[in-house]
Every structure is written in C-alpha cells, then in structure tokens.
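What follows is a single structure, written as structure tokens, with notes after it.
The values are calculated or read from the model by the stated rules, or taken from the named source; none is laboratory data. Everything numeric here is computed off the predicted structure, so don't read it as measured data. FYI the Cβ positions are ideal-geometry reconstructions off the backbone, even for glycines, and counts take in every protein chain you see. Accessible surface areas use protein heavy atoms only, side chains included; no ligands, DNA or RNA. Shrake-Rupley method; radii C 1.70, N 1.55, O 1.52, S 1.80 Å.
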Amino acid sequence: MTSGESFENSAVQVDGVQFETLMPERVFSIPVKQFSPDGNMDIPVQLGICITNNTPIPFRFSSYGRLTPELMGADSQFLRGVFLRIRRLKAKESYFPLAMPGESVTFFPNAMIIWFKRVNELKISIAKGTGGYCNFDLLNPGGYHVRFIYRNENEVDRIKDRGQEGTKPTLLERLWTGRVITPFVKFCIVSS
C-alpha cells in the first residue's frame, strides 16, 4: 500500500504502521579551511527511519534490501542516485527485528556528506543494507530534501548462516508487506 496519513511532515501511517524519517541534525557546515591530507572532507550524517507497529499483530521489518533513499534539490528536481556495491552482505536474523504491537524499530544506515576539494565535488553517500552505497551528487551548498521508500513484497524470508555448511535456511515469518514513501525532510549544507 502506498497511501497514508501524514504526521508532522516526517511520518506517514499505513495500515496501522507508522514510518518516520529521522534526521536529528539538519544543517551541515563545510569548513572550507579544514581538510584531510588527501583534500577530502567527510561529514557524518545521522539519517534513518523509525517504524512503529500500531497494529495488534507482531511484524518483522528490515533495512536489508528494503530501504531506498531519495533526494531532491531546492529546485524540486530528483537527484539521481548511483549504487556502488562494496561487497555483498549476507542477511542475518538480526537484520529482521520483530516489532511487537506498540513497539518501534529504528534503522540508521551509515551516511556521510563528502566534499572532494580538488575537483570541487559534493556528494552524500547512504549505505544500502546489502553491502553498498547509494551516492548522490549535490551540486552546491544549499537546501535539499531526503526521504525513504520502504518496500517489502514477501511475508516470509529465508536466511542461511554462512558459518554452517549443510544446514537448512532459517525461515523468518511475519514480515510486514507493502510499499511506503515517507515524507521529505529538509536539510541544508552551508559553507563556513
């Protein structure tokens, strides 16, 4: 399901489950005179999603291959994300936490703003749960918007512990199914 009710511009509720974009800090300063020896600057970004189960049924949620970031510039144009796989991560049961009725699960993928001084490139890089990063070119300091698409089509998933050859895969049940687009959250990058 893709429709829902909006709450305070950062959350949406679908079928009794609330999805909220989290970004506690929304202004990021690029200090022009402080760089690493290679001329790059990495600024950590706390960006995530909180999922609250307001249904009477326990559900599992996961960021493993189910969470996709979207960015939009101040001109209301979507920025093209380029996926770069570092390595393929195997799914683990801990990647699929169970949220009992009234409980929340939160996912904070590794994210950072990167400025390559030598070539004057500004990017934001957001980890995907399967072992890579989604990279977006940010043209200039200024205002941007970010949101997540959460999508899961399967009520059941199978995972296999790579350390135990010949064992049967673990069956994970009660995965919440649907497609949700969280509202945009605005953030700003400024030069200092």
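Tabulated data for the structure shown
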{"item": "Built amide H within the under 5 Å cut-off of TRP176, gap 5+", "result": "ARG60"}
{"item": "Whole-number percent relative contact order across the chain, with pairs defined as alpha carbons under 8 Å at least 6 apart", "result": "29"}
{"item": "Highest average packing first - 134-141, 77-84, Cβ atoms within 10 Å", "result": "134-141, 77-84"}
{"item": "Estimated inter-spin distance, ASN54 and GLN77, nm [label 7 Å along Cα→Cβ]", "result": "3.7"}
{"item": "Per-residue HN-Hα couplings for region 170-185 [Karplus 6.51, -1.76, 1.60; θ = phi - 60°; Hz; x = Gly/Pro]", "result": "7, 8, 9, 10, 6, 6, 5, 10, x, 10, 10, 10, 6, x, 5, 10"}
{"item": "Heavy-atom accessible area per residue - the chain, 1.4 Å, Å²", "result": "56"}
{"item": "Residue-by-residue Karplus 3J(HN,Hα) for region 16-31, coefficients 6.51, -1.76, 1.60, Hz, glycine and proline x", "result": "x, 10, 9, 10, 10, 6, 10, 8, x, 9, 10, 10, 10, 9, 9, x"}
{"item": "GLY131 long-range amide H proximity, modeled H, under 5 Å", "result": "LEU89"}
{"item": "Under 5 Å, built H, 5+ apart or other chain: amide partners of LEU138", "result": "LEU122, LYS123, ILE124"}
{"item": "Listed values [x] 131; [y] 112; [z] 122, entry calculated as volume of the Cα convex hull per residue in Å³", "result": "[x]"}
{"item": "Long pairs among LYS128/LYS160; LYS92/LYS186; LYS90/LYS123; LYS128/LYS168; LYS128/LYS186, criterion Cα-Cα beyond 29 Å", "result": "LYS92/LYS186"}
